[in-house]
Amino acid sequence: MTDASARFWDKVSAPNEHGCTIWTAARRNGYGKIFFNGAACSAHRVSWEIRFGAIPDGLHVLHKCDVKLCVNPDHLFLGTHGDNMQDMARKGRHF
């Protein structure tokens, strides 16, 4: 584990009863934020990159669990903006 990834995981709670690991540091618009590799980033995107590598251009990191502060990489998946909108509608979060 690199120093940067260790610093990241120091800001995350132990898994809750649903398996969500919650970002405990800085937040903006309900999402975790961290300065990582020289840039301000969303914590869930950093979690994805630590576990799986670079996020391809044009893709978003979406939450299976719908918990904005969750950074459990097993709760995340890649998709387009359209995929995110479809996921939101399917789960009844579009109101």
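The values are calculated or read from the model by the stated rules, or taken from the named source; none is laboratory data. Since we're looking at a predicted model, the values are computed, not measured. A quick note on method: Cβ atoms are made from the backbone with ideal geometry, for glycine too, and the neighbour counts reach across all protein chains shown. Accessible surface is based on the protein model in full, side chains and every heavy atom, while ligands, DNA and RNA are left aside. Shrake-Rupley method; radii C 1.70, N 1.55, O 1.52, S 1.80 Å.
Select from the range 1-15 the residues that are open to solvent by less than 60 Å² (accessible area, probe 1.4 Å) and either among the aromatic types (Phe, Trp, Tyr) or free of Cβ contacts under 8 Å to residues at least 24 places away in the same chain (or both) and list them in ascending order.
Across the range 1-15, the qualifying residues are Ala6, Phe8, Ser13.
With the structure loaded, tell me whether Asn37 is of a type in the set (S, T, N, Q), out of contact with any strand residue (DSSP E or B) (no Cβ under 8 Å at 6 or more places or on another chain) and without any contact (Cβ under 8 Å) to a residue 60 or more places away in the chain or whether it fails that test.
On the way: of a type in the set (S, T, N, Q): yes; out of contact with any strand residue (DSSP E or B) (no Cβ under 8 Å at 6 or more places or on another chain): yes; without any contact (Cβ under 8 Å) to a residue 60 or more places away in the chain: yes.
In short, yes.
Taking Gly58 as meeting all but one of (1) at pLDDT below 95; (2) in a loop (DSSP other than H, G, I, E, B); (3) over 22 Å from Lys91 (Cα atoms), write down the number of the exception.
All conditions are met except number (1).
Those residues that are crowded, with 16+ Cβ neighbours inside 10 Å and modelled with pLDDT of 95 or more, I need them from the range 78-92; list them, please.
Listed by number, the list is empty, since nothing qualifies.
Quick check on my filter: what residues within the range 1-28 are assigned to a loop (DSSP other than H, G, I, E, B), out of contact with any Cys (no Cβ under 7 Å at 6 or more places or on another chain) and at pLDDT 95 or above?
Listed by number, the residues that qualify are Asp10, Lys11, Ser13, Ala14, Pro15, Asn16, Glu17, Gly19, Thr24, Ala25, Ala26.
Got at least one residue in the range 34-47 being at pLDDT 95 or above, out of contact with any helix residue (DSSP H, G or I) (no Cβ under 6 Å at 6 or more places or on another chain) and on the phi > 0 side of the Ramachandran plot?
Within the range 34-47, not a single residue is at pLDDT 95 or above, out of contact with any helix residue (DSSP H, G or I) (no Cβ under 6 Å at 6 or more places or on another chain) and on the phi > 0 side of the Ramachandran plot.
Determine whether the range 54-64 contains at least one residue that is farther than 20 Å from Met1 by Cβ, open to solvent by 40 Å² or more (accessible area, probe 1.4 Å) and among the charged types (D, E, K, R).
yes
Of the residues His44, His75, only one is open to solvent by less than 20 Å² (accessible area, probe 1.4 Å), in contact (Cβ under 8 Å) with a residue 12 or more places away in the chain and not charged (D, E, K, R); which? Before the answer, list the steps.
Working: His75 fails: open to solvent by less than 20 Å² (accessible area, probe 1.4 Å).
Criteria check complete, one pass: His44.
Kindly indicate whether Arg45 is within 9 Å of the chain's Cα centre (by Cα) and either in a strand (DSSP E or B) or of a type in the set (D, E, K, R) (or both). I'd like the intermediate steps shown before the answer.
Working: within 9 Å of the chain's Cα centre (by Cα): yes; either in a strand (DSSP E or B) or of a type in the set (D, E, K, R) (or both): yes.
Yes.
Can you say whether Gly58 is under 14 Å from the mean Cα position of the chain (by Cα) and under 22 Å from Asp83 (Cα atoms), as far as the supplied structure shows?
no
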